[in-house]
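Read the structure below first, then the notes.
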Amino acid sequence: MRLSYLLIKGTEKLSFDEIQTIVNLLAEMLPSSDIKQDGNFLIVFLNEPFEYDFKDFITNTNNEMYLDLSLYESGVFDSYDLLKKDVNHKKMELKFDTVYESEKTVFYERVMYYIDDTFKKHVLKDFFDNDEFLHSIKVFIEKNQNTSEAAKFLYMHRNTLINRIEKFHKITGYDVRKFEDALVVYLLVKNIK
């Protein structure tokens, strides 16, 4: 059994009709889900995996209905008891200060809390302030370490990208062609545009 849930906060300011509209939208998207209102939360229990981008859903709902809701998308649970325990924990723990959060974004925020500029400078060395260079490294990692795809996306010659990757490895000691090195570097460059 693969159970998960959505937690939507901010419903206490909504009218009954607005809540019903959101519930109807969710029921239409997720017909096998169970939707409950609990104080200022809507809880959507999902009994099967869905391929929806819930960040787009909450952003579009907020924009179209002029609302200020926040949504948390959980990970997957093996039992209903574990899921319910996590729901109660997340209702208390999360700040709901962004429109969308998920298990991944919460994990990322916790990791990044312990990473400061000193650590970033230590890992990234000469590239710490070079956003253009780091952006190319980030794209390479996001494109599953595929130089051809990343070079196309960056409008860059493939050999130029390969040279950057090798230069990065030579100066930092991190070879982003290896998973364990790419993971560390990606955490540091994820937010570079």
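Throughout, read-outs are computed from the coordinates displayed, never taken from laboratory work. Computed from a predicted model, the values in this text were never measured in an experiment. Note that we place each Cβ from the backbone using ideal geometry, even for glycine, and neighbour counts take in every protein chain shown.
Annotations for the structure displayed:
- Evaluated with a Cβ-only charge set (Lys, Arg +1; Asp, Glu -1), the chain carries a dipole of roughly 880 debye about its Cα centre, given to the nearest 20.
- Cross-link table LYS91/LYS193; LYS9/LYS190; LYS125/LYS178, entries beyond 23 Å C-alpha to C-alpha: LYS91/LYS193; LYS9/LYS190
- With Cα atoms, 0 to 90° folded angle of helix 16-29 axis to the chain main axis: 60 degrees
- The local environment of LEU46, defined by Cβ-Cβ distances under 11 Å, has a net charge of -2 under the rule Lys, Arg +1 and Asp, Glu -1.
- Long-range tail of P(r) for the stretch 102-193 (Cα pairs > 21 Å, %): 28 percent
- Using only the C-alpha atoms, the convex hull of the chain corresponds to 154 Å³ per residue.
- When you filter the GluC sites (Glu not before Pro) in the stretch 1-69 for DSSP loop state and at most 14 other Cβ atoms inside 10 Å of their Cβ, you are left with GLU51.
- Degrees between helix 80-93 axis and first principal axis of the chain (Cα, 0 to 90, nearest 10): 80 degrees
- Beyond 24 Å in Cα-Cα separation lie the following of the pairs LYS95/LYS120; LYS104/LYS152; LYS55/LYS104; LYS85/LYS120: LYS95/LYS120; LYS104/LYS152; LYS85/LYS120.
- Coordinate range along principal axes, alpha carbons of the stretch 24-128, Å, largest first: 53, 35, 27
- Over all other residues within a Cβ to Cβ distance under 11 Å of GLU142, the charged ones net out to +2, with Lys and Arg as +1 and Asp and Glu as -1.
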